[in-house]
Amino acid sequence: MTSFDPSRQAARPAVYLETYGCQMNAADSQLVMGILRRAGYQRVEQPEQADVILLNTCAIREHAEERVLGRLSDLARLRSRRPELKLGLLGCMAQHKRQALLKKAPHLDLVAGPDTYCRLPQMLRQASFDPIVDVQLNRDETYAGVVPEYEHAVRAYVTVMRGCDEFCAFCVVPYVRGRERGVLPGAVVDEVRALARREVREVVLLGQTVNAYRHDAVDFGELLRMVCAVDGIERVRFTSPHPRFMSASIIEVMAAEPKVQPYLHLPVQSGSDRVLQAMARGYRVDEYRALVDRLRTALPELALSTDIIVGFHGEDEGDFEETLALMREVSFDSAFIFKYSRREHTKAYKLGDTVSEAEKAGRLCAAIALQEAISLARNQRLIGRQFSVLTEGAARRGNRMLSGKTPQFKTAVFPATHGVGPGDTVLVRVESATSHSLGAALAQTRAGPPHAPPREVSRADVSGV
Ligand code: SAH
Ligand code: SF4
Ligand code: F3S
């Protein structure tokens with residue numbers, strides 16, 4: 001543990017920022033750091049070193065909020081030892097709980113929603129006196145002109161759309177992130193160019209319904225083309241597309257642009273029409289099935305992942321069986337499966353819970369077990385095949401192993417080799433498989449001189465996202 005150093009007081013104020021939730025929140029944290037650095041703050045890696053502690057939070061499920069409240073009570077201990085320390089909550093949970101947070105967490109100096117970050121320096125100054133709550137949503141805020149503080153990584157995430165207009169019955173996002181708005185296409189391309197100059201090789205375009213992107217005449221397919229035209233960027237991905245907006249023209253661009261990688265995270269949520277309708281998802285199971293067929297015909301190498309909610313209001317055993325049947329039929333490469341969590345403000349909140357916690361837990365286990373088996377079988381079928389892998393850095397399991405992603409976004413782990421480091425694309429042959437990763441051997445290197453001196457590969461090289 002690092003102790004408090006009084007000599008630091010003359011230096012720039014130190015901010016410690018912790019991020020929860022989705023990639024959009026991670027990208028927002030980079031914006032927040034960009035804004036605070038311009039205002040004279042420096043980032044520190046330990047809360048004990050900080051003058052300001054910020055948590056950028058998520059509200060998607062109750063568990064996410066409970067975790068943050070637990071963390072806050074730990075951090076409040078630091079604050080009681082050092083009253084001048086400021087403690088702030090940013091992001092979706094701040095927007096969701098607002099003023100009520102000050103009651104639950106009386107140590108908070110600041111509660112700031114996702115559209116208020118340009119005012120953070122000013123708010124932090126004012127918070128010296130009284131707690132500040134700013135949860136103004138702003139349908140025009142896209143943080144144009146803010147330079148994010150990028151991490152040093154091979155892959156970068158670029159927010160192209162903020163907010164959501166879908167109002168799925170279970171989901172809090174439209175309430176905490178506000179109305180949908182696209183970032184100017186020119187600003188997206190400028191950011192991608194800046195990333196290419198920093199030797200980023202892969203960009204992931206972000207939005208809650210990213211494929212519904214539109215800014216004047218530029219739709220998502222056109223935006224993808226513009227991003228693919230940036231020199232130096234080798235791979236382009238996007239997340240999350242909504243099944244309702246996965247148009248023929250976007251599929252065409254995916255098939256035509258070699259930089260767009262053959263992987264889609266396409267949340268289905270349920271395999272029952274009755275439940276999908278109650279969720280207000282705007283498609284039927286048959287339509288989802290037909291979309292998967294179209295995608296797989298146009299993109300034969302495509303990998304697919306999905307999100308599934310079990311135990312939504314009204315879901316009975318029959319509905320759940322239909323979800324399992326759809327999982328078997330589509331054979332997703334992977335799936336994120338969640339127990340339904342009632343969220344205040346949403347349309348489904350008033351309906352209440354009809355599935356007990358024990359039933360939800362049972363369905364969750366069954367769905368996870370099925371998906372593990374499907375993922376394993378799909379990955380095992382890849383043994384013997386070759387894939388190009390964009391190297392990210394040292395593999396988690398260490399032992400002089402490197403890891404990176406295949407075009408299908410599967411993690412491949414292979415022995416470290418002279419001259420191969422983060423950012424290099426290599427050809428590997430798959431030798432073994434688990435449900436979560438592929439063990440591989442180098443088939444051939446495509447980048448880096450053949451006899452270059454060994455490159456130091458450390459955990460710090462691994463992408464932090
Ligand atoms: N915009 C994306 C989803 C973003 S939220 C889309 O529509 O595809 C990520 C996932 O969290 C959702 O796909 C859903 O599966 C899950 N989720 C959202 N609200 C939830 C809730 N109230 N309870 C449980 N899971 C939820
Ligand atoms: Fe939530 Fe639906 Fe919007 Fe996704 S599309 S963020 S699930 S409201
Ligand atoms: Fe993301 Fe959670 Fe907000 S999933 S948009 S951080 S509610």
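How large a share of the accessible area of the chain, in percent, is made up of carbon and sulfur atoms when the probe is 1.4 Å and the other protein chains stay in place?
Solvent-exposed carbon and sulfur of the chain make up 50 percent of the total.
Along the stretch 232-241, what does the Karplus equation 6.51 cos²θ - 1.76 cosθ + 1.60 (θ = phi - 60°) give for ³J(HN,Hα), rounded to whole Hz, x for Gly and Pro?
For the stretch 232-241, the Karplus-derived couplings read x, 7, 9, 9, 10, 10, 8, 7, 9, x Hz, x marking Gly and Pro.
Given the rule -39500 (n - 2.57) for each run of at least 4 DSSP H residues, summed and divided by the residues of the chain, what is its mean residue ellipticity at 222 nm, to the nearest 500 deg cm²/dmol?
Here the helix-only value at 222 nm equals -9500 deg cm²/dmol.
Give me the 1.4 Å probe accessible area per residue for the chain, excluding ligands and nucleic acids, in Å².
Solvent-accessible surface per residue comes out at 44 Å².
Jot down the per residue volume, in cubic angstrom and as a whole number, of the convex hull over the alpha-carbon atoms of the stretch 155-379.
123
At 7 Å along Cα-to-Cβ for each site, give me the label-to-label distance between residue 126 and residue 399 in nm.
5.6
Considering Cα pairs under 8 angstrom that are at least six residues apart, work out the relative contact order of the chain and quote it in whole percent.
10
How big is the Rg/Rh ratio for the stretch 386-444, C-alpha atoms only, Rh by Kirkwood, two decimals?
Rounded to two decimals, Rg over Rh is 0.90.
If we sort 45-58, 127-140, 384-397 on the protection proxy, mean other Cβ atoms within 10 Å, highest first, what's the order?
Numbers: 45-58: 21.1, 127-140: 14.9, 384-397: 18.8.
In decreasing order of mean packing, 45-58, 127-140, 384-397 become 45-58, 384-397, 127-140.
Suppose R0 equals 51 Å; then what is the FRET efficiency for residue 353 and residue 386 from their Cβ-Cβ distance, rounded to the nearest 0.05?
For R0 = 51 Å, the calculated efficiency reads 0.60.
Quick one: what Rg and Dmax do you get for the chain from the alpha carbons, in Å?
Calculated on Cα positions, Rg and Dmax stand at 22.9, 66 Å.
If each residue of separation counts as 0.36 nm, what is the full-extension length gain between residue 365 and residue 321 once their alpha-carbon separation is subtracted? Don't skip to the answer; put the middle values down first.
On the way: separation 44, 0.36 × 44 = 15.84 nm, distance 1.33 nm.
So the extension gain works out to 14.5 nm.
Once phi is turned into θ = phi - 60°, what whole-Hz ³J(HN,Hα) does the Karplus curve with 6.51, -1.76 and 1.60 give for every residue of the stretch 86-95, x standing for Gly and Pro?
9, 10, x, 10, 10, x, 5, 6, 4, 5
Using each residue's phi in the stretch 292-305, evaluate 6.51 cos²θ - 1.76 cosθ + 1.60 at θ = phi - 60° and report the 3J(HN,Hα) Karplus result to the nearest Hz, with x for Gly and Pro.
Coupling constants for the stretch 292-305: 4, 4, 4, 4, 6, 6, 6, 10, x, 8, 4, 9, 10, 10 Hz.
What order do you get for 183-191, 142-150, 206-214 when each peptide is scored by the mean count of other beta carbon atoms within 10 Å, highest first?
206-214, 183-191, 142-150
Quote the Stokes-Einstein diffusion coefficient, in whole µm² s⁻¹, for the stretch 234-340, based on the Kirkwood radius over alpha carbon pairs, a temperature of 10 °C and a viscosity of 1.306 mPa s. Please report the intermediate quantities before stating the final value.
On the way: Rh = 14.4 Å.
Translational D for this selection: 111 µm²/s.
The values are calculated or read from the model by the stated rules, or taken from the named source; none is laboratory data. What you see is a predicted model, and the numbers here were worked out from it, not measured in a lab. Note that we place each Cβ from the backbone using ideal geometry, even for glycine, and neighbour counts take in every protein chain shown. Quick note on the areas: whole protein, heavy atoms, side chains included, nothing else; ligands and nucleic acids left out. Shrake-Rupley method; radii C 1.70, N 1.55, O 1.52, S 1.80 Å.
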